[in-house]
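Comments concern the structure below.
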Amino acid sequence: MTAEAAPLAAVAPMAPAAARAGRLRRALRRDRTLLPAAVILGLIVVASLLLPVVSPYRYDQQSLDHTFEGPTARHWLGTDQYGRDLLTRLAHGGRISLVVGVVTVLAEILLGGLLGGIAGYAGGVLDEWLMRLTDMMLAFPALLLALLLAAMLGPGVTAVVVALALAGWPAMARTVRGEILALKQREFVVAARAGGASASRVLLRHLVLNTVHLIVVRATLDIGPIILTEATLSFLGLGVQRPTPSWGVLIADSFQYLQSAPALAIIPCLTLSITILALNFVGEGLAEALDPSVRGAP
Amino acid sequence: MRFAVRRLGFTLAVLVASSVVVFVVGRLAPGDPVQLLLGDVRDPVTEARVRRELGLDRPLWAQYLRFAGRALRGDLGESYANPGRSVNRMVAEALPPTARLAGAAVGLALLLGVPLGILSAVRRAAATDVLARLVALGGMSLPSFVAAVLLIRWLALGWHVVPSSGWGDLRHYVLPVLVLLVQPLAYITRVTRAGVLRVLPEDYVRTAHGKGLPPWQVLSRHVLPNAAISVITIAGLAFSYALTGAFVVETIFRIPGLGQAAVGALFLRDYPMVQAVGLLYAAIFIGMNFLVDLGYALIDPRIRYR
């Protein structure tokens with residue numbers, strides 16, 4: 001952590017959190033992409049959650065008299081080769097991406113945060129071995145791990161989430177471990193210890209609470225690649241299985257109609273790209289605002 | 001040097017660990033290999049014989065040692081899906097298209113990304129800088145199959161410039177290489193820009209400016225050589241990215257390469273083939289990571305094994 005923040009922290013133990021809130025407000029004013037990206041992301045999330053509820057169509061409801069329709073009042077984005085409503089399917093796909101992203105990131109936080117926290121707090125041999133393990137995991141390509149696990153568990157959402165969480169936790173563990181290690185030396189933690197605070201109080205109130213922002217940054221940055229990998233696996237047929245309309249499945253199924261009905265492929269493609277782009281902007285904006293170590297990175 | 005030796009030891013340990021993972025995947029995956037090989041034949045005597053021939057009646061660790069020993073000698077067994085064909089042959093046949101595509105993509109990415117990265121670092125906030133950051137962020141955000149869909153739509157189906165799929169002559173390279181190019185280009189542009197930005201404020205660059213060298217000479221003699229190492233090491237990683245991209249690209253464009261072979265093998269539960277491709281990819285990735293680590297240690301003596 002920065003040296004100039006240390007005296008402040010000694011006076012008021014929770015100063016880092018307050019300073020971070022200020023930094024976030026300033027970042028929102030300075031970074032002109034953060035707010036629009038966050039708004040777009042929010043719209044996509046709300047649409048994915050709400051549309052399947054209010055839509056008059058089920059995602060697998062066929063209507064063979066109305067195939068390949070363009071946008072109409074009844075089907076806002078048109079229909080696919082079986083006359084299914086594209087907007088409804090898109091929203092269901094968004095739900096799946098959302099669930100996969102959130103569940104995977106939560107698993108990452110649980111596994112990586114716990115192991116990283118233990119490694120940083122305990123130190124010594126345990127720390128060394130856990131970090132060796134993360135090194136090993138980081139050296140193994142994520143997509144390959146996902147493919148192998150898909151082979152082992154049989155394709156499906158579970159295999160995707162397990163594979164992505166297994167591939168993602170080491171980075172989370174390293175982040176948390178590094179921060180806990182640095183925080184342990186800070187004056188306000190030393191002061192709390194000297195003042196007779198219990199180990200659990202030091203751990204929860206001072207160490208964990210001051211690491212949460214980094215976990216949030218890491219998680220936001222991770223969701224994009226996670227959703228991307230899920231879409232890739234589903235596109236290849238190794239992820240989410242039909243008839244569940246994941247975005248990868250939507251793109252794969254409309255691929256053969258690219259000549260006659262290009263919108264069918266291009267709309268899900270754009271939705272996926274915009275989502276990933278917005279996630280990247282929000283993640284980098286948050287990182288710049290909350291994590292001083294990445295400031296100035298391109 | 002000590003660092004290199006320790007890093008090499010670690011790399012070998014990771015290789016062994018990944019070979020265990022690849023082996024376990026092949027063993028624990030659903031489906032009995034004996035049944036897969038024999039197909040409809042239901043004869044207990046034959047089944048027992050095949051099981052013994054494959055070594056499947058022995059304990060798991062013995063099976064692993066046998067697998068690892070044969071893998072070290074370069075023998076990965078026989079394909080389940082194509083009985084009588086060795087997996088080695090299948091990999092050897094599928095490798096050239098993948099390697100050529102990845103090589104072409106990374107080569108082009110270096111040719112375009114390095115100048116773009118340098119320009120954007122030297123003249124910050126100019127149009128080139130905006131372009132470079134857009135390429136970097138867009139490349140990271142654009143899924144390869146989305147790029148493929150858009151390119152096929154306009155270049156192949158719209159304007160009929162190039163064929164939309166297949167493999168044969170040079171025209172078949174255009175679309176796959178363009179798709180594979182996106183990620184490495186983003187990556188290389190980003191790293192080049194960061195590398196040059198890291199060197200620019202150094203004292204020796206200021207000195208070179210101070211003694212009156214023209215800007216392009218400062219750049220070519222002092223800045224670029226010092227920024228180059230990171231770019232060269234990153235080219236290795238970009239090659240691994242392109243190899244992973246092969247899974248999607250070869251499936252879309254119907255190219256008979258490693259990626260398509262691996263995806264096909266996964267569907268057919270052809271585990272020897274899956275294991276072979278898994279081992280090959282793991283070895284390439286881990287080897288590249290090793291080289292990148294060594295490269296970083298060369299640039300920055302402060303980086304040491306912790």
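Observations on the model:
- Of the residues in region A:207-215, none is touching a residue at least 40 places away in the same chain (Cβ under 8 Å), closer than 23 Å to A:A47 by Cα and either within 13 Å of chain B (Cβ to nearest Cβ) or crowded, with 22+ Cβ neighbours inside 10 Å (or both).
- Yes/no for A:I227 being farther than 18 Å from A:T104 by Cβ, within 11 Å of chain B (Cβ to nearest Cβ) and of a type in the set (V, I, T): no
- Residue check for A:L204: out of contact with any Lys or Arg (no Cβ under 9 Å at 6 or more places or on another chain) and either within 14 Å of chain B (Cβ to nearest Cβ) or crowded, with 22+ Cβ neighbours inside 10 Å (or both): no
- Residue that is of a type outside the set (F, W, Y) and either crowded, with 17+ Cβ neighbours inside 10 Å or at the interface with chain B (Cβ under 10 Å from one of its Cβ atoms) (or both), where the choices are A:G123, A:G113: A:G113
- Any hit, region A:209-217, residues being outside any helix (DSSP H, G or I) and either of a type in the set (D, E, K, R) or in contact with a Ser or Thr (Cβ under 7 Å, 6 or more places away or on another chain) (or both): no
- Taking region B:51-85 as the range and being under 26 Å from B:L12 (Cα atoms) and either in contact with a Cys (Cβ under 8 Å, 6 or more places away or on another chain) or of a type in the set (S, T, Y) (or both) as the test, only B:Y64 passes.
- From the options A:L106, A:L147, residue that is without any contact (Cβ under 8 Å) to a residue 40 or more places away in the chain and not basic (K, R): A:L106
- Helices (runs of 4 or more DSSP H) (entirely within region B:1-59) containing at least 2 residues that are at pLDDT 80 or above and within 14 Å of chain A (Cβ to nearest Cβ): B:2-28
- In the set (1) loosely packed, with under 15 Cβ neighbours inside 10 Å; (2) over 19 Å from the mean Cα position of the chain (by Cα); (3) outside any loop (DSSP other than H, G, I, E, B); (4) not hydroxyl-bearing (S, T, Y), the condition left unmet by A:L106 is number (2).
- Pair list, Cβ under 9 Å, 6 or more apart: region B:187-209 residue surrounded by fewer than 21 Cβ atoms within 10 Å (Cβ to Cβ), other residue of a type in the set (S, T, N, Q): B:A194/B:S230; B:R198/B:N226; B:R198/B:S230; B:V199/B:N226; B:E202/B:N226; B:Y204/B:N226; B:V205/B:N226; B:A208/B:Q217
- Among the criteria (1) modelled with pLDDT under 80; (2) in a helix (DSSP H, G or I), the one A:Y57 does not fulfil is (2).
- Positions within region B:161-172 being buried (at least 20 other Cβ atoms within 10 Å of the Cβ) and either within 19 Å of B:A109 (Cβ to Cβ) or of a type in the set (A, V, I, L, M) (or both), in sequence order: none
Okay, residues lined up against (1) away from every other protein chain (no Cβ under 11 Å); (2) in a helix (DSSP H, G or I); (3) crowded, with 19+ Cβ neighbours inside 10 Å:
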residue	(1), (2), (3)
A:T232	no, yes, yes
A:P243	yes, no, no
A:G248	no, yes, yes
A:A265	no, yes, yes
A:C269	no, yes, yes
A:T275	no, yes, yes
A:L286	yes, yes, yes
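- Some residue of region B:225-241 being facing chain A (nearest Cβ under 10 Å) and under 13 Å from the mean Cα position of the chain (by Cα): yes
- Some residue of region A:167-177 being free of Cβ contacts under 8 Å to residues at least 12 places away in the same chain and surrounded by fewer than 20 Cβ atoms within 10 Å (Cβ to Cβ): no
- Among the residues of region B:204-231, the ones that are closer than 30 Å to B:L280 by Cα and touching a helix residue (DSSP H, G or I) at 6+ places or on another chain (Cβ under 7 Å) come to 3 in all.
- Scanning region B:254-278 for residues that are facing chain A (nearest Cβ under 10 Å), among the aliphatic types (A, V, I, L, M) and surrounded by fewer than 23 Cβ atoms within 10 Å (Cβ to Cβ) gives a single hit, B:V263.
- Taking region B:123-159 as the range and being surrounded by fewer than 18 Cβ atoms within 10 Å (Cβ to Cβ) and away from chain A (no Cβ under 11 Å) as the test, the residues that pass are B:R123, B:A125, B:A126, B:A127, B:V130, B:L131, B:L155, B:W159.
- Members of region A:146-158 that are of a type outside the set (S, T, N, Q), surrounded by fewer than 22 Cβ atoms within 10 Å (Cβ to Cβ), more than 8 Å from chain B (Cβ to nearest Cβ) and in a helix (DSSP H, G or I): A:L153, A:V157
The values are calculated or read from the model by the stated rules, or taken from the named source; none is laboratory data. None of these values were measured; they are calculated from a predicted model. As a convention, Cβ positions derive from the backbone with ideal geometry for all residues, glycine included, and neighbour counts pool all protein chains shown.
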